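Engineer: This structure is in structure tokens; I'll ask about it shortly.
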Amino acid sequence: MYSDLSLTHFMSGLEKRNPGEVEFHQAVYEVAESVIPFILDNPVYQKAAILQRMTEPDRSIIFKVVWEDDAGNIRLNRGYRVQFNNSIGPYKGGLRFHPSVNLSILKFLGFEQTFKNSLTTLPMGAAKGGSDFNPKGKSDREVIRFCQSFMTELSHYIGPNTDIPAGDVGVGAREISFMFGQYKRLRHEFTGALTGKALEFGGSLIRTEATGYGAAFFMEAMLQHRDDSIRGKKCVLSGSGNVALYCAEKIIQLGGKVVTLSDSSGFIYDEQGIDADKLAYLIELKTHQRGRISEYAEKYRCDYFPTQSPWNIRCDLAFPCATQNEIDKKSAHALVSNGCIAVAEGANMPTTIEAIKVLQHAKLLFAPGKAANAGGVALSGLEMTQNSVRLSWSATELEDRLATIMKDIHRQCVKYSDDGDYVNYVNGANIAGFIKVANAMLAYGV
């Protein structure tokens, strides 16, 4: 049945089984392109149909979420939990509340999570979930009612040794707190069934910063591998959420010069550089005041480009931290032309497959999200550990552990890259992530 493992044949079968799920198809193609040649050289994985099994979720749970808004109207949303693979540990992955949420996006994220969690070396399986509910513009009472209704159903499928959700887009400490309160109420237990909790009841320090810090740490590791560093480098970043803001913070601490950030309205270009004081203003503006990036341009009198992305700005390093497929083929050519030497993905799948080919052909260092943005889930894993042993580590201890994990992910990517002097981090991350999960699956039998 699985004797023909050509990329074309494999993708044809996957697309037939998962029609219309374009985000999922893209994520699987990117991995399969790297992994299939490795499998053909190691036929034990082909005989056991490991890749076919790995691309099929263990289960996809879909449920209705009924709640009441402040005007007394009954509202209906759809909830999801895609439990992808628990071969190396309990399911682990975020919950996303956004109107764009659908099964294809969650399967893509859950599949990516399989490799990302494997790379951290922590014992975590992979899952993803969420709802098409939009918390923006909702009152706290409406968000509470939605979260309680959502968790009433989700609680049947999660637990500290089964599935440990975390936050993602639209799900911060507020939403996690509301859901954890309902879980505790329903299950009559205080356990680490969610991560991203408030510090007062089992949360972890630097969880907010972890994904952004991790992307900067990974970039530093890539540069150090060729006797270079972030210090003195001109860096362009997209986004202005937690990932982008704290990636910028760590870059500044490492001596880099951050010149751009963006939101859905456009991007700022501060030629003088965003220093620690300016960044503190941005963090207050974006995370507490819900302001627009254009307000920074007005305050500091820098350039603002509405409805554009920053990839045409001359730079040394690029960090896409905003959204899916934000770097397309044209943007990739612009980065190459403008002297960029390395790209680290802070967001999930922000670079199209065609754009990745352009960057790799030009021999730019390119770190895929499953490696570069693994800091968030790594810190979630450390929160799980703290909950299990009933203690909390200091911010310094956690940052040291995070830096070590990111360096170890980099080491794995280098080990399994197969392009001679040029480190192909896509191949390295995909193969390293695959091996650990695949070997566990082989050990369990069919």
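The values are calculated or read from the model by the stated rules, or taken from the named source; none is laboratory data. None of these values were measured; they are calculated from a predicted model. Using ideal geometry, Cβ is built from the backbone for each residue, glycine included, and neighbour counts are taken over all protein chains shown.
Engineer: Taking only segment 246-258 into account, find how many residues are crowded, with 24+ Cβ neighbours inside 10 Å and farther than 13 Å from Met219 by Cβ.
Structural biologist: Result for segment 246-258: 1.
Engineer: Which residue is surrounded by the fewest Cβ atoms within 10 Å (Cβ to Cβ), if the candidates are limited to segment 120-161 and must be within 13 Å of the chain's Cα centre (by Cα) and among the hydrophobic types (A, V, I, L, M, F, W, C)?
Structural biologist: Here the answer is Ala126.
Engineer: Let me ask you something else. All but one of (1) within 30 Å of Leu205 (Cα to Cα); (2) in a loop (DSSP other than H, G, I, E, B); (3) touching a helix residue (DSSP H, G or I) at 6+ places or on another chain (Cβ under 7 Å) hold for Ser417; state the number of the condition that does not hold.
Structural biologist: (1) is the only condition that Ser417 fails.
Engineer: Can you tell me which residues in segment 103-131 are in a loop (DSSP other than H, G, I, E, B) and among the hydrophobic types (A, V, I, L, M, F, W, C)?
Structural biologist: Leu122, Met124
Engineer: Continuing with this model, one more query. Tell me which residues, restricted to segment 172-183, are in contact with a strand residue (DSSP E or B) (Cβ under 8 Å, 6 or more places away or on another chain) and modelled with pLDDT under 95.
Structural biologist: Ala173
Engineer: Within segment 262-283, restricting attention to residues that are among the hydrophobic types (A, V, I, L, M, F, W, C) and more than 15 Å from Asn312 (Cβ to Cβ), which residue is surrounded by the most Cβ atoms within 10 Å (Cβ to Cβ)?
Structural biologist: Restricting to residues being among the hydrophobic types (A, V, I, L, M, F, W, C) and more than 15 Å from Asn312 (Cβ to Cβ), the top hit is Ile274.
Engineer: Now a separate question. Take residues that are without any contact (Cβ under 8 Å) to a residue 60 or more places away in the chain and touching an Asp or Glu at 6+ places or on another chain (Cβ under 6 Å) and tell me which of the strands (runs of 3 or more DSSP E) falling wholly in segment 238-306 contain 1 or more.
Structural biologist: Counting at least 1 such residues, we get 257-263, 266-269.
Engineer: So in segment 284-326, with the set limited to residues that are small (Gly, Ala, Ser) and closer than 23 Å to Ile353 by Cβ, which one is surrounded by the most Cβ atoms within 10 Å (Cβ to Cβ)?
Structural biologist: Ala318
Engineer: Report, by residue number, each residue of segment 392-435 that is among the charged types (D, E, K, R), out of contact with any Leu (no Cβ under 7 Å at 6 or more places or on another chain) and surrounded by fewer than 18 Cβ atoms within 10 Å (Cβ to Cβ).
Structural biologist: Glu397, Asp400, Lys407, Asp408, Arg411, Lys415, Asp418, Asp419, Asp421
Engineer: Further question on the same structure: Within segment 335-363, which residues are crowded, with 19+ Cβ neighbours inside 10 Å, over 15 Å from the mean Cα position of the chain (by Cα) and aliphatic (A, V, I, L, M)?
Structural biologist: Answer for segment 335-363, where residues must be crowded, with 19+ Cβ neighbours inside 10 Å, over 15 Å from the mean Cα position of the chain (by Cα) and aliphatic (A, V, I, L, M): Leu335, Ile341, Ala342, Val343, Ala355, Ile356, Val358, Leu359.
Engineer: Would you be able to tell me the number of residues in segment 180-206 that are without any contact (Cβ under 8 Å) to a residue 60 or more places away in the chain and under 21 Å from the mean Cα position of the chain (by Cα)?
Structural biologist: 3
Engineer: Let me ask you something else. What pairs come up if the first residue lies in segment 310-338 and is assigned to a strand (DSSP E or B), the second is of a type in the set (D, E, K, R), and their beta carbons are under 6 Å apart, counting only those six or more places apart or on different chains?
Structural biologist: Leu317/Lys233
Engineer: Can you find a residue that is crowded, with 17+ Cβ neighbours inside 10 Å and not in a loop (DSSP other than H, G, I, E, B) anywhere in segment 189-208?
Structural biologist: The answer is no; no qualifying residue exists.
Engineer: From the list Thr351, Thr323, pick out the single residue that is touching a strand residue (DSSP E or B) at 6+ places or on another chain (Cβ under 7 Å) and of a type in the set (Ser, Thr, Tyr).
Structural biologist: Matching residue, one of Thr351, Thr323: Thr351.
A quick yes/no check of all residues on (1) at negative phi; (2) touching a Leu at 6+ places or on another chain (Cβ under 7 Å); (3) not β-branched (Val, Ile, Thr):
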{"site": "Ile158", "(1), (2), (3)": "yes, no, no"}
{"site": "Val169", "(1), (2), (3)": "yes, no, no"}
{"site": "Arg174", "(1), (2), (3)": "yes, no, yes"}
{"site": "Gly181", "(1), (2), (3)": "yes, no, yes"}
{"site": "Arg187", "(1), (2), (3)": "yes, no, yes"}
{"site": "Leu194", "(1), (2), (3)": "yes, no, yes"}
{"site": "Gly202", "(1), (2), (3)": "no, no, yes"}
{"site": "Ala216", "(1), (2), (3)": "yes, yes, yes"}
{"site": "Met219", "(1), (2), (3)": "yes, yes, yes"}
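Engineer: Based on what the data block shows, is Ile36 at pLDDT 95 or above, more than 16 Å from Leu154 (Cβ to Cβ), in contact with a Phe, Trp or Tyr (Cβ under 9 Å, 6 or more places away or on another chain) and among the aliphatic types (A, V, I, L, M)?
Structural biologist: The answer is yes for Ile36.
Engineer: State the number of residues belonging to segment 353-396 that are over 30 Å from Ile164 (Cα atoms) and assigned to a loop (DSSP other than H, G, I, E, B).
Structural biologist: Matching residues across segment 353-396 total 3.
Engineer: On to the next question. List the helices (runs of 4 or more DSSP H) that sit entirely inside segment 8-102 and contain at least 2 residues that are surrounded by 22 or more Cβ atoms within 10 Å (Cβ to Cβ).
Structural biologist: By residue number, 22-41, 50-54.
Engineer: Inside segment 143-164, can you point out the residues that are over 25 Å from Asp69 (Cα atoms) and not polar (S, T, N, Q)?
Structural biologist: The answer is Tyr157, Ile158, Gly159, Pro160, Asp163, Ile164.
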